[in-house]
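Notes follow the structure.
The values are calculated or read from the model by the stated rules, or taken from the named source; none is laboratory data. In this text the structure is predicted, and so the values were computed from the model without any measurement. Glycine also receives a Cβ, built like all others from the backbone with ideal geometry; neighbour counts cover every protein chain displayed.
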Amino acid sequence: MIFKKSKTPFMLESGATLDSAAFAILPVPYERTVSYGHGTRLGPAAILEASPQVELWDEETKAETWKKGIFAAAPVDCSLPEKKFFPALERTVEGLLSSTRALPVFLGGEHSITQALLPPFIKRHKKLSILHFDAHADLRVSYHGSEHSHACAVYPASRTNRVVQVGIRSVGHDERQFHNAGNVKTHLMHENLDLKKLERDVLRELTDSVYLTIDVDGFDPSVMPGTGTPQPGGFGWYEALRLFKAVCARKKVVGFDVVETAPVKGSHITELAAAKLVYRLMGYLS
C-alpha cells in the first residue's frame, strides 16, 4: 500500500515522511447518504486548507506539536459504489496501520466512514472501546435503505465492542433498544450537565485502549455551525476539550476521526475549529 503525500499543507507541513511522522492524516471525502444538509465531501479539504491558520505553538499544551512530525496523505478515492467502497477503505486503513507507527487521524466526510475505519483497530487492539462524541446515537441497523448510512455509524462496532456515547441529544425510535443495552452506554446530554461527573463516568466505562470518533455536531452549533444535521444544546469548546484531554491522559488512544464538517459558504468557523481541534488532540497525545 503506497500513501502519497497530500498537496495540501497541514500546519504548514512538518516535512515529515510517513516513516518519521508521529501522526498520519488520511482524508476521506465520502458523501453518499446525507439526509439533510450537504457538503461533507468538502470537509477534509476545508480542514486542511484552514490548518495553516492555526498557530504552531499551542497556547494550551505550550508545545509546537508539528515538530513531532505530521504526514498528510492524499485523499482516499471515494468514487467506488457503496458495497465496494467500504471494504476498500477498510483495506486502506489496514495498509496504513501496517505501514507506520504514526497515530492515525481520519478526516471525513460523513460519519458512515467510521464503519470501515474501526475493524482494523478492533483486530489489533484487544478489548478496544470507542468513545463516540456526537449529537446522534448513530445506532440504526439501516437508514433509508443503507446499512452504511451515517445514521448507522457505530452500530456494527457496538455488536462486539464497548461504545460510550457523549453529547447525545437525538435518538430515533428504532435505535432506542440499543442506546443503553449490551455494549452501549449512552450519556444523553440533558441528563449529564454535571461535566465533572460525566468525565469520571466516561473514564470508568472505557477500556484501557480507546478509539475516538468525533462528529462535529457533538458540539453546540454555535461552535461548529457547518454540519449537515445540527442539534441545539451540544458541548461548548472548553467542555469538550476537558473531556478529550482527560481521556487522552488516562487512556491509550490508538486513533481518532473528525467527521461531518460541511463548510458554509462565506464562513470558515467550522473548518478552522476542526483544524484546531485536530491539532489540540495531537498535542494531548504527544
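Go through Y30, Y36 for me and flag whichever is buried (at least 18 other Cβ atoms within 10 Å of the Cβ) and part of a loop (DSSP other than H, G, I, E, B).
Just a single option satisfies the conditions, and that option is Y30.
Confirm whether A72 is surrounded by 21 or more Cβ atoms within 10 Å (Cβ to Cβ) and either part of a loop (DSSP other than H, G, I, E, B) or modelled with pLDDT of 95 or more (or both).
The answer is no for A72.
Which pairs turn up if I take residues in segment 63-82 that are closer than 17 Å to F106 by Cα and look for partners that are modelled with pLDDT of 95 or more and of a type in the set (D, E) with beta carbon separation below 8 Å, at least 6 apart in sequence or on another chain?
C78/E31
With the requirement that a residue be out of contact with any His (no Cβ under 8 Å at 6 or more places or on another chain), surrounded by 14 or more Cβ atoms within 10 Å (Cβ to Cβ) and not polar (S, T, N, Q), what does segment 47-66 give you?
Scanning segment 47-66 gives I47, L48, E49, P52, V54, L56, D58, A63, E64, W66.
Got at least one residue in segment 87-104 being aliphatic (A, V, I, L, M), modelled with pLDDT under 95 and either outside any helix (DSSP H, G or I) or closer than 21 Å to A22 by Cβ (or both)?
Within segment 87-104, none of the residues are aliphatic (A, V, I, L, M), modelled with pLDDT under 95 and either outside any helix (DSSP H, G or I) or closer than 21 Å to A22 by Cβ (or both).
Going by the structure shown, is L206 in contact (Cβ under 8 Å) with a residue 24 or more places away in the chain, surrounded by 18 or more Cβ atoms within 10 Å (Cβ to Cβ) and touching a Cys at 6+ places or on another chain (Cβ under 9 Å)?
Here the answer is no, as L206 does not meet what is asked.
Conditions tested, residue by residue: (1) farther than 16 Å from H111 by Cβ; (2) touching a residue at least 40 places away in the same chain (Cβ under 8 Å).
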| residue | (1), (2) |
| --- | --- |
| G145 | yes, no |
| H148 | no, yes |
| A151 | no, yes |
| R159 | yes, no |
| Q165 | no, no |
| I168 | no, no |
| N180 | yes, no |
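Pairs under 7 Å by beta carbon, first residue of a type in the set (V, I, T) in segment 186-201, partner assigned to a strand (DSSP E or B), six or more apart or different chains?
Short answer, once both residue conditions are applied: T186/Q165; T186/I168.
Which ones in segment 49-107 are of a type in the set (S, T, Y) and closer than 27 Å to S149 by Cα?
Scanning segment 49-107 gives S79, T92.
Which condition number in (1) more than 19 Å from the chain's Cα centre (by Cα); (2) touching a residue at least 12 places away in the same chain (Cβ under 8 Å) is the one that F86 fails?
Single failed check for F86: (1).
Okay, residues lined up against (1) more than 25 Å from A137 (Cβ to Cβ); (2) touching a residue at least 12 places away in the same chain (Cβ under 8 Å); (3) of a type in the set (S, T, Y):
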| residue | (1), (2), (3) |
| --- | --- |
| Y238 | no, no, yes |
| A246 | no, yes, no |
| A274 | no, yes, no |
| L277 | no, yes, no |
| R280 | yes, yes, no |
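Go over the candidates L188, L206 one by one and state the one that is out of contact with any Ser or Thr (no Cβ under 9 Å at 6 or more places or on another chain), among the aliphatic types (A, V, I, L, M), at pLDDT 95 or above and more than 17 Å from T114 (Cα to Cα).
Unique residue meeting the criteria: L188.
May I ask you to verify whether P44 is surrounded by 18 or more Cβ atoms within 10 Å (Cβ to Cβ) and either outside any helix (DSSP H, G or I) or of a type outside the set (A, V, I, L, M, F, W, C) (or both)?
It is true that P44 is surrounded by 18 or more Cβ atoms within 10 Å (Cβ to Cβ) and either outside any helix (DSSP H, G or I) or of a type outside the set (A, V, I, L, M, F, W, C) (or both).
For segment 107-143, enumerate the residues that are within 19 Å of L188 (Cβ to Cβ) and acidic (D, E).
Passing the criteria: D134, D138.
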